[in-house]
Amino acid sequence: MGVIRNETGTQRLIGYDLDVGQGDGIARCRLQLDDRHLNRQGILHGGLAATLLDSAMGATGSLSVDPNGRHPFTTLSLTVNYLAPGRPGLVEASGRISGGGRVTLFIEGTLRHEDGTLIATATGVFRKTRQEPA
């Protein structure tokens, strides 16, 4: 419970899991990096790093209104700073709300390798999306 797997096409394509069940309001996006995720230099493709950060940060926003982490949030802006190469192995992106209001949140993110290396940081603005009745 608390781990979202294979819910979206993006998750299935890339292969990441989204942990929303730690009870601390922080979503964690985990991916076991292999050759499918690397660029020509043999390191994590920057676009995939941004995707992991975006997913973790958006789900962190979701946790602020939905304990299951499934209420949709729309990314309004995302800035990623790349600090170190992402090598094969397990990486984890996480988000933390740094400000905002009822609808729009400012969220910070980090992407780390399992060895502790900080690969990238991000800041973003996320807006709570209206859910249509089922």
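The values are calculated or read from the model by the stated rules, or taken from the named source; none is laboratory data. Fair warning: this is a prediction, and the values are worked out from it, not measured in the lab. Glycine also receives a Cβ, built like all others from the backbone with ideal geometry; neighbour counts cover every protein chain displayed. Just the protein is used for accessible areas: all its heavy atoms, side chains included, with ligands, DNA and RNA removed. Shrake-Rupley method; radii C 1.70, N 1.55, O 1.52, S 1.80 Å.
Looking at the stretch 97-134, the trypsin sites (Lys or Arg not before Pro) that sit in a DSSP loop and have at most 15 other Cβ atoms within 10 Å of their own Cβ are Arg102, Arg130. Its DSSP H runs of at least 4 residues, each contributing -39,500 (n - 2.57), put the calculated 222 nm mean residue ellipticity of the chain at -5500 deg cm²/dmol, to the nearest 500.
The magnitude of the dipole of the stretch 11-134, with charges of +1 and -1 set on the Cβ of Lys/Arg and Asp/Glu and taken from the Cα centre, is near 340 debye.
Ordered from largest to smallest accessible area (heavy atoms of protein chains, 1.4 Å probe), the residues Ser77, Ser94, Ser62 come out as Ser77, Ser94, Ser62.
The mean accessible area for residues of the chain, using a 1.4 Å probe and ignoring ligands and nucleic acids, is 56 Å² per residue.
Ligands, DNA and RNA left out, the accessible area of the chain computed with a 1.4 Å probe is 49% carbon and sulfur. Taking the stretch 23-126, which GluC sites (Glu not before Pro) meet the DSSP loop condition and have no more than 12 other C-beta atoms within 10 Å? Passing sites in the stretch 23-126 do not exist. Between the Cα long axis of helix 46-63 and the first principal axis of the chain there is an angle of about 30°, rounded to the nearest 10.
Given a 1.4 Å probe and the protein chains as shown, Thr104 ends up with an accessible area of around 40 Å².
Distance distribution P(r), the chain, all Cα-Cα pairs, bin width 10 angstrom from 0: 14, 45, 33, 7, 1 percent.
Within the stretch 1-69, the trypsin sites (Lys or Arg not before Pro) that combine a DSSP coil assignment with at most 13 other C-beta atoms in a 10 angstrom radius are Arg5, Arg40. Debye-formula intensities of the stretch 90-134, expressed as log10 I(q)/I(0) at q = 0.19 Å⁻¹, are -0.66 (one equal scatterer per alpha-carbon, no solvent).
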